Protein chains: 4
Amino acid sequence: MSERTGHAERWERATEWPLMATAVAFLVAYAVPILWPDVGTTVRAVCEVVQWLAWALFVLDYVVRLLLAQHRGRWVLRHLLDLAVIALPLLRPLRLLRLVTLLNVLNRRASVGLRGRVAAYLTGGSVLLSFVAALAVLDAERLNADASITSFGDAWWWALTTMTTVGYGDTFPVTTTGRFIASALMVGGIALLGTVTATLASWLADRVREEEAASDDVLVELRALRREIAELRAGRADSS
Amino acid sequence: MSERTGHAERWERATEWPLMATAVAFLVAYAVPILWPDVGTTVRAVCEVVQWLAWALFVLDYVVRLLLAQHRGRWVLRHLLDLAVIALPLLRPLRLLRLVTLLNVLNRRASVGLRGRVAAYLTGGSVLLSFVAALAVLDAERLNADASITSFGDAWWWALTTMTTVGYGDTFPVTTTGRFIASALMVGGIALLGTVTATLASWLADRVREEEAASDDVLVELRALRREIAELRAGRADSS
Amino acid sequence: MSERTGHAERWERATEWPLMATAVAFLVAYAVPILWPDVGTTVRAVCEVVQWLAWALFVLDYVVRLLLAQHRGRWVLRHLLDLAVIALPLLRPLRLLRLVTLLNVLNRRASVGLRGRVAAYLTGGSVLLSFVAALAVLDAERLNADASITSFGDAWWWALTTMTTVGYGDTFPVTTTGRFIASALMVGGIALLGTVTATLASWLADRVREEEAASDDVLVELRALRREIAELRAGRADSS
Amino acid sequence: MSERTGHAERWERATEWPLMATAVAFLVAYAVPILWPDVGTTVRAVCEVVQWLAWALFVLDYVVRLLLAQHRGRWVLRHLLDLAVIALPLLRPLRLLRLVTLLNVLNRRASVGLRGRVAAYLTGGSVLLSFVAALAVLDAERLNADASITSFGDAWWWALTTMTTVGYGDTFPVTTTGRFIASALMVGGIALLGTVTATLASWLADRVREEEAASDDVLVELRALRREIAELRAGRADSS
């Protein structure tokens with residue numbers, strides 16, 4: 001049992017960097033034919049192959065981690081997102097979510113506080129999410145006659161106005177695929193916004209708490225208690 | 001008195017699943033003629049009958065619970081929403097709010113923490129709210145000449161952009177009924193957003209508190225106090 | 001000095017209900033000519049007179065309270081909003097903010113907890129703010145050729161989409177006055193939204209804290225301490 | 001080492017007011033040719049010179065502070081925003097962020113609590129941010145044929161609808177520069193909104209905590225503990 005856990009940990013440590021490289025390769029292979037649609041047939045084929053290879057590696061990693069898991073049923077339940085990402089080949093953009101592990105790895109390497117890690121996630125996650133959503137929506141919308149998103153500049157601008165919930169309405173998806181991507185982006189944007197607020201709130205609450213610490217009822221009570229006991233000891237020493 | 005409370009509890013346990021089934025039947029009977037407007041007259045009539053039966057069951061449940069309540073005046077005040085849902089037959093969509101009890105029941109069955117339950121409510125409530133609002137607004141808007149919401153796809157997309165407060169403006173209600181539904185959806189959306197933020201904030205605050213627990217002034221003081229008393233006891237043992 | 005404070009308090013208690021009645025009268029006199037623009041000249045004149053009388057009473061109240069204040073300079077600084085509301089006759093809608101005192105009075109009468117009072121303020125404040133903003137923007141926009149807000153229905157719908165920051169863009173002010181009113185409404189909407197979130201967050205945090213109270217480090221430590229002292233006392237009793 | 005720190009502090013105290021004046025001068029010189037585009041060539045040239053002089057002074061201040069820093073590497077990392085503001089001459093509007101120091105200075109002069117200072121930052125920061133963004137976007141958009149922002153009124157209105165995430169869509173940037181400015185404004189707006197919420201949340205949480213302090217488990221336990229020890233001392237006094 002504990003031997004298997006050891007194997008699982010060693011596997012995760014060993015595959016960290018290769019999987020990150022795979023995710024980056026997948027992102028590049030995904031982005032190139034979308035950003036430069038008039039690229040040659042060879043490049044297009046290479047990108048296609050790289051995408052499939054990356055997917056195969058993700059499947060391999062998933063299977064190995066499943067086999068090494070202590071309680072396989074529970075492990076599957078706790079990694080449902082991983083399963084969705086590799087099991088739905090039609091929802092290509094979702095596979096790019098695997099790139100979030102990159103942030104995870106970078107963060108574990110750096111030794112910063114929780115709030116620093118949250119800030120890094122927010123910044124990295126926002127940039128990655130908007131970039132991937134822009135790519136995906138551009139891919140879905142470009143060939144539609146009514147589309148208002150026809151260049152990568154438009155697409156990123158749209159992603160930004162959506163994530164911040166500004167939503168001017170100058171650019172918006174009109175295809176069903178585009179609307180699904182937009183839905184995912186909105187949910188992601190709300191979560192990011194919520195975390196920004198939460199980070200600020202807890203930081204501020206701590207600052208205020210520090211200022212008020214001196215006048216804290218509990219501390220006042222505790223210090224009085226300590227004095228009382230010190231006197232008790234002193235009294236005992238006198239009487240003996 | 002306590003006998004009546006026992007009756008009330010037994011009634012609620014016994015009607016939990018039947019009421020849930022009734023709510024689901026009502027939702028289906030409400031959705032079918034809206035989603036497929038060219039359905040036959042028979043199906044339409046069946047749906048109408050099912051809706052009225054479901055309403056009758058809700059009224060019955062309300063009356064029984066009122067009769068079994070200990071303090072009837074207070075009970076009515078605490079269940080004003082239940083009263084509104086059954087007393088206003090013209091506001092059909094609002095009756096669907098009864099479906100939220102479904103989440104309630106599912107949650108009580110599962111034994112998860114408060115935060116897990118909140119997450120389940122958020123997800124379930126969002127999907128249910130957007131689905132019902134999309135149905136209701138589609139029913140209200142479809143026949144209007146200026147309507148920008150003419151299919152269920154449009155309606156759900158509108159519900160999503162409204163709940164997230166993105167509001168592109170490509171789809172919006174133009175009828176008075178549609179605007180009332182939109183108002184309810186906006187208020188619901190804000191509440192959901194606020195709870196998302198609150199959940200994240202309290203989760204994060206706890207994580208930070210745990211990390212800082214070791215350096216907590218109060219705990220430091222308490223441990224010093226304990227050492228002091230331990231020494232006091234030891235001193236007593238020596239002197240006796 | 002303390003005599004003057006007593007006078008101030010008695011003045012505020014005595015003028016509470018009359019000022020509230022004045023504010024309601026002002027609101028009615030403000031709303032009538034906007035809601036029914038083709039009302040007769042007599043009614044219009046009466047409304048105008050009522051508005052000026054109400055304004056005169058507010059000025060009188062301000063002056064009396066200023067004269068009765070202990071530190072007049074500080075009092076003016078702490079009541080800058082009151083001053084702005086009565087000193088700017090051109091910004092008629094802002095005077096209606098005086099109506100918020102109505103909520104204040106109603107709340108002091110009821111004996112509910114802080115969170116209950118916050119919820120009442122949120123609901124009352126939202127309805128009042130949206131109603132007043134809708135009236136003001138309708139008054140400002142109606143006669144403009146490019147206006148998208150031409151009926152009270154449009155105006156309230158606009159107020160709602162603005163306060164919730166949804167902003168479809170189907171209705172928006174085009175005049176400078178309308179934009180100033182919109183600015184005030186946006187700021188008010190953000191504050192309301194922020195308080196909704198804050199209320200939810202603090203309610204949720206309390207619920208979680210209650211559940212975790214039993215496993216609180218500080219409490220565990222304290223109870224151990226208490227046992228220790230109980231044993232110390234028992235030991236003392238034995239040895240004597 | 002400590003001598004150098006002393007120099008750094010004296011430098012910051014001495015340059016506080018001159019740098020603030022420089023920032024104001026820069027803002028005026030930046031605003032004048034944008035607000036009045038048909039101003040004479042001489043005025044335009046003077047504004048250009050003032051902008052360059054202000055920039056030179058900011059560079060000088062940066063270099064001096066860098067030389068006086070104890071750990072230069074760490075100082076550069078902690079002041080990356082300062083570096084970005086002075087190192088990117090093409091992104092003129094960003095340099096105006098230096099004006100935020102003005103709020104910093106004003107705040108340090110006033111002796112108010114943390115929450116008062118946060119409120120002042122929110123108000124001042126919002127006005128400054130919207131003003132600067134309006135200027136910058138007007139400068140970028142005015143000459144574009146498709147622009148919906150053609151006057152300072154439009155620009156400020158756009159800044160407000162963007163910061164509050166309302167986003168009607170009646171005014172929005174169409175140039176790339178304008179979109180970059182909008183991105184910065186959106187991020188700033190979210191941060192401001194988050195802080196508003198955080199301030200309200202922590203204020204409310206404190207109010208509720210005060211009300212509940214009397215029934216706090218920890219305090220109850222502590223007071224019981226104190227009584228116990230008092231009795232212990234009393235008992236000791238009796239037996240001796």
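Go over the candidates A:183, A:151 one by one and state the one that is over 22 Å from residue D:164 (Cβ atoms) and at the interface with another protein chain (Cβ under 7 Å from one of its Cβ atoms). I'd like the intermediate steps shown before the answer.
Details: A:151 fails: at the interface with another protein chain (Cβ under 7 Å from one of its Cβ atoms).
Testing whether each residue is over 22 Å from residue D:164 (Cβ atoms) and at the interface with another protein chain (Cβ under 7 Å from one of its Cβ atoms) leaves just A:183.
Among the residues of region D:34-87 satisfying the criterion of being modelled with pLDDT of 90 or more and open to solvent by less than 40 Å² (accessible area, probe 1.4 Å), which is nearest to the chain's Cα centre (by Cα)?
If we take residues in region D:34-87 being modelled with pLDDT of 90 or more and open to solvent by less than 40 Å² (accessible area, probe 1.4 Å), then D:64 is nearest to the chain's Cα centre (by Cα).
If I go through region A:170-179 residue by residue, how many of them are of a type outside the set (A, V, I, L, M) and part of a loop (DSSP other than H, G, I, E, B)?
5
From the list B:11, B:17, exactly one residue is at pLDDT 80 or above, aromatic (Phe, Trp, Tyr) and not assigned by TED's automatic domain parsing to the domain that holds residue B:125. Which is it? Show your work before the answer.
Working: B:17 fails: at pLDDT 80 or above.
Testing whether each residue is at pLDDT 80 or above, aromatic (Phe, Trp, Tyr) and not assigned by TED's automatic domain parsing to the domain that holds residue B:125 leaves just B:11.
How many residues are open to solvent by 10 Å² or more (accessible area, probe 1.4 Å) and in a loop (DSSP other than H, G, I, E, B) when one looks only at region B:134-159?
Residues in region B:134-159 being open to solvent by 10 Å² or more (accessible area, probe 1.4 Å) and in a loop (DSSP other than H, G, I, E, B): 9 in total.
Which of the following residues is at pLDDT 65 or above and among the hydroxyl-bearing types (Ser, Thr, Tyr): C:126, C:111? Explain how you work it out, then say what you get.
Details: C:111 fails: at pLDDT 65 or above.
Among C:126, C:111, only C:126 is at pLDDT 65 or above and among the hydroxyl-bearing types (Ser, Thr, Tyr).
Restricting to region B:154-178, name every residue that is within 7 Å of another protein chain (Cβ to nearest Cβ) and farther than 22 Å from residue B:125 by Cβ.
B:168, B:169, B:170, B:172, B:176
All but one of (1) surrounded by fewer than 14 Cβ atoms within 10 Å (Cβ to Cβ); (2) within 26 Å of residue D:137 (Cβ to Cβ) hold for residue D:17; state the number of the condition that does not hold.
(2)
With (1) in a helix (DSSP H, G or I); (2) free of Cβ contacts under 8 Å to residues at least 24 places away in the same chain as the list, and residue B:16 as the residue in question, which single condition is left unmet?
For residue B:16, the exception is condition (2).
Is at least one residue of region B:160-169 more than 22 Å from residue D:161 (Cα to Cα) and in a helix (DSSP H, G or I)? Can you show your working first?
If we filter region B:160-169 for residues that are more than 22 Å from residue D:161 (Cα to Cα), which is where we start, we get none.
Looking through region B:160-169, none of the residues is more than 22 Å from residue D:161 (Cα to Cα) and in a helix (DSSP H, G or I).
The values are calculated or read from the model by the stated rules, or taken from the named source; none is laboratory data. If you're wondering where the values come from, they're calculated on a predicted model, not measured in any experiment. Backbone-built Cβ (ideal geometry, glycine too); neighbour counts: all protein chains shown. Note: areas computed on protein heavy atoms with side chains; ligands, DNA, RNA excluded. Shrake-Rupley method; radii C 1.70, N 1.55, O 1.52, S 1.80 Å.
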